[in-house]
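Visitor: Mind looking over this structure? Questions follow.
The values are calculated or read from the model by the stated rules, or taken from the named source; none is laboratory data. All values reported here derive from a predicted model rather than from experimental measurement. As a convention, Cβ positions derive from the backbone with ideal geometry for all residues, glycine included, and neighbour counts pool all protein chains shown. What goes into the accessible areas is simple: the full protein's heavy atoms, side chains included, and nothing from ligands, DNA or RNA. Shrake-Rupley method; radii C 1.70, N 1.55, O 1.52, S 1.80 Å.
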Amino acid sequence: MGFPGRIERTVEVAHPPARVWAALTTAEGLGAWFGNAATIDLRPGGSAELTWTDGHKASMRIERVEEPRVFGYTWGIYGLPDDDPRHTYVEFTLEPTATGTRLTVVESGFAQLPDDEYRTAFEANTGGWAHELGELVEYLDANAA
Amino acid sequence: MPTRPDIEAVAEEVFSALADPSRRAILAALAAGGPATATDLATRLPITRQAIAKHLALLAEAGLVAAEPGERRRVRYRLRSAPMQVAQQFLAALARDWDRQLDALQEHLNTIVAVQPARTKKAQEPK
């Protein structure tokens, strides 16, 4: 047994790479099979957002755009705070085959420790909510004066 | 705790702690109500104060709770979220359902092919 740091799947799709590429990289495609709606700025460094009708959201940062072969993005780890520096990297690779496309998805980065700098800051801030609440009280006191 | 904790060891500490009902109850009480002393916890949980003290010492050793000075020199225990977040990463990997997602992608591709002829026809209509 090991920490599941990386997930990999390969599927054979009976459609040409161009069609699969469109499903992966357009708002219309992503909003149809991945989320219930999507926005995407398709360029390295661009952002994308998936939204679901239950109110759940996922923000992505586009990392690799090599049409119609490689599409990669990073996104947060489900359950961790939005500002957590830990992210996983998802990369789709499309290879043309006689019958369509071999699509591989690799998601890596689940087994990350927060970096040392972050950990130090984190340990120093074990005050957590008590600290935040202290600041709130100070703010309210200052404004009441 | 070692200075550079092994990620797998951290996750294991969390899951071992959660496998025990008393320790699970203690962690749940700290998560729900914030830092507490062993005495506070004994009044809230159906566990003896001695057993709580023993579990808290074990949890502190594992880095899952931190002891801190409280009122009247009583030691209070606070949940440490860093190991919980490591465990969360482990669970996130298990909960990521690429199988279902790729099925949805296949289904989507088959659907758009089914509607494709109509679209092509539309595009060929006179402008």
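Visitor: Before we move on, is residue A:65 over 13 Å from the mean Cα position of the chain (by Cα) and either in a loop (DSSP other than H, G, I, E, B) or surrounded by 14 or more Cβ atoms within 10 Å (Cβ to Cβ) (or both)?
Guide: On the way: over 13 Å from the mean Cα position of the chain (by Cα): yes; either in a loop (DSSP other than H, G, I, E, B) or surrounded by 14 or more Cβ atoms within 10 Å (Cβ to Cβ) (or both): yes.
Against the criterion (over 13 Å from the mean Cα position of the chain (by Cα) and either in a loop (DSSP other than H, G, I, E, B) or surrounded by 14 or more Cβ atoms within 10 Å (Cβ to Cβ) (or both)), residue A:65 qualifies.
Visitor: Identify, by number, the condition in (1) without any contact (Cβ under 8 Å) to a residue 40 or more places away in the chain; (2) within 20 Å of residue B:8 (Cα to Cα); (3) in a loop (DSSP other than H, G, I, E, B); (4) not charged (D, E, K, R) that residue A:88 doesn't meet.
Guide: Checking residue A:88 against (1) without any contact (Cβ under 8 Å) to a residue 40 or more places away in the chain; (2) within 20 Å of residue B:8 (Cα to Cα); (3) in a loop (DSSP other than H, G, I, E, B); (4) not charged (D, E, K, R), the one that fails is (3).
Visitor: Please verify whether residue A:50 is part of a helix (DSSP H, G or I), among the hydrophobic types (A, V, I, L, M, F, W, C), touching a strand residue (DSSP E or B) at 6+ places or on another chain (Cβ under 7 Å) and farther than 30 Å from residue B:9 by Cα, treating the condition exactly as stated. Spell out the reasoning first.
Guide: Values: part of a helix (DSSP H, G or I): no; among the hydrophobic types (A, V, I, L, M, F, W, C): yes; touching a strand residue (DSSP E or B) at 6+ places or on another chain (Cβ under 7 Å): yes; farther than 30 Å from residue B:9 by Cα: yes.
The answer is no for residue A:50.
Visitor: Can I ask one more? In this structure, does residue A:34 turn out to be under 21 Å from residue A:109 (Cα atoms), more than 16 Å from the chain's Cα centre (by Cα) and at the interface with chain B (Cβ under 8 Å from one of its Cβ atoms)? Give the derivation first.
Guide: Working: under 21 Å from residue A:109 (Cα atoms): yes; more than 16 Å from the chain's Cα centre (by Cα): no; at the interface with chain B (Cβ under 8 Å from one of its Cβ atoms): yes.
Criteria not met by residue A:34.
Visitor: Looking at segment B:87-110, which of its residues are touching a residue at least 40 places away in the same chain (Cβ under 8 Å) and more than 7 Å from chain A (Cβ to nearest Cβ)?
Guide: The answer is B:87, and nothing else.
Visitor: Output the residue which, of all residues in segment A:1-31 that are in a helix (DSSP H, G or I) and of a type in the set (Gly, Ala, Ser), is farthest from residue A:109 (Cα to Cα).
Guide: My answer is A:18.
Visitor: Next question. Would you mind finding the one in A:45, A:2 that is surrounded by fewer than 13 Cβ atoms within 10 Å (Cβ to Cβ) and in contact with a helix residue (DSSP H, G or I) (Cβ under 9 Å, 6 or more places away or on another chain)?
Guide: A:2
Visitor: I'm trying to understand the selection: among the residues of segment A:68-82, which are away from every other protein chain (no Cβ under 13 Å) and among the aromatic types (Phe, Trp, Tyr)?
Guide: Across segment A:68-82, the qualifying residue is only A:73.
Visitor: What are the residues in segment A:109-132 that are modelled with pLDDT of 50 or more and surrounded by 15 or more Cβ atoms within 10 Å (Cβ to Cβ), if any?
Guide: Passing the criteria: A:109, A:110, A:111, A:112, A:113, A:114.
Visitor: Give A:10, A:74, A:53, A:26 a once-over and let me know the one that is more than 14 Å from the chain's Cα centre (by Cα) and surrounded by 14 or more Cβ atoms within 10 Å (Cβ to Cβ). So that I can check it myself, show each step before the final result.
Guide: Values: A:10 fails: surrounded by 14 or more Cβ atoms within 10 Å (Cβ to Cβ); A:74 fails: more than 14 Å from the chain's Cα centre (by Cα); A:53 fails: surrounded by 14 or more Cβ atoms within 10 Å (Cβ to Cβ).
Criteria check complete, one pass: A:26.
Visitor: Answer yes or no as to whether residue A:59 is small (Gly, Ala, Ser) and open to solvent by 70 Å² or more (accessible area, probe 1.4 Å). Show your work before the answer.
Guide: Numbers: small (Gly, Ala, Ser): yes; open to solvent by 70 Å² or more (accessible area, probe 1.4 Å): yes.
Yes; evaluated as a whole, the condition is true for this residue.
Visitor: Answer with yes or no whether residue B:43 is away from every other protein chain (no Cβ under 14 Å), exposed (fewer than 15 other Cβ atoms within 10 Å of the Cβ), of a type in the set (Ser, Thr, Tyr) and not in a loop (DSSP other than H, G, I, E, B). Talk me through it step by step, then tell me what you get.
Guide: Values: away from every other protein chain (no Cβ under 14 Å): yes; exposed (fewer than 15 other Cβ atoms within 10 Å of the Cβ): yes; of a type in the set (Ser, Thr, Tyr): yes; not in a loop (DSSP other than H, G, I, E, B): yes.
Spelling it out, residue B:43 is indeed away from every other protein chain (no Cβ under 14 Å), exposed (fewer than 15 other Cβ atoms within 10 Å of the Cβ), of a type in the set (Ser, Thr, Tyr) and not in a loop (DSSP other than H, G, I, E, B).
Visitor: Would you check if residue A:33 is more than 30 Å from residue B:84 (Cα to Cα) and free of Cβ contacts under 8 Å to residues at least 12 places away in the same chain?
Guide: Spelling it out, residue A:33 is indeed more than 30 Å from residue B:84 (Cα to Cα) and free of Cβ contacts under 8 Å to residues at least 12 places away in the same chain.
Visitor: On to the next question. Test residue A:35 against the stated conditions and say whether it is in a loop (DSSP other than H, G, I, E, B), open to solvent by less than 20 Å² (accessible area, probe 1.4 Å), within 20 Å of residue B:99 (Cβ to Cβ) and not aromatic (Phe, Trp, Tyr).
Guide: Yes: the conditions hold for residue A:35.
Visitor: Taking residue B:22 and the conditions (1) open to solvent by 40 Å² or more (accessible area, probe 1.4 Å); (2) more than 21 Å from residue A:3 (Cα to Cα), which numbered condition does it fall short on, given that it satisfies the others?
Guide: Looking at each condition in turn, residue B:22 falls short on (1).
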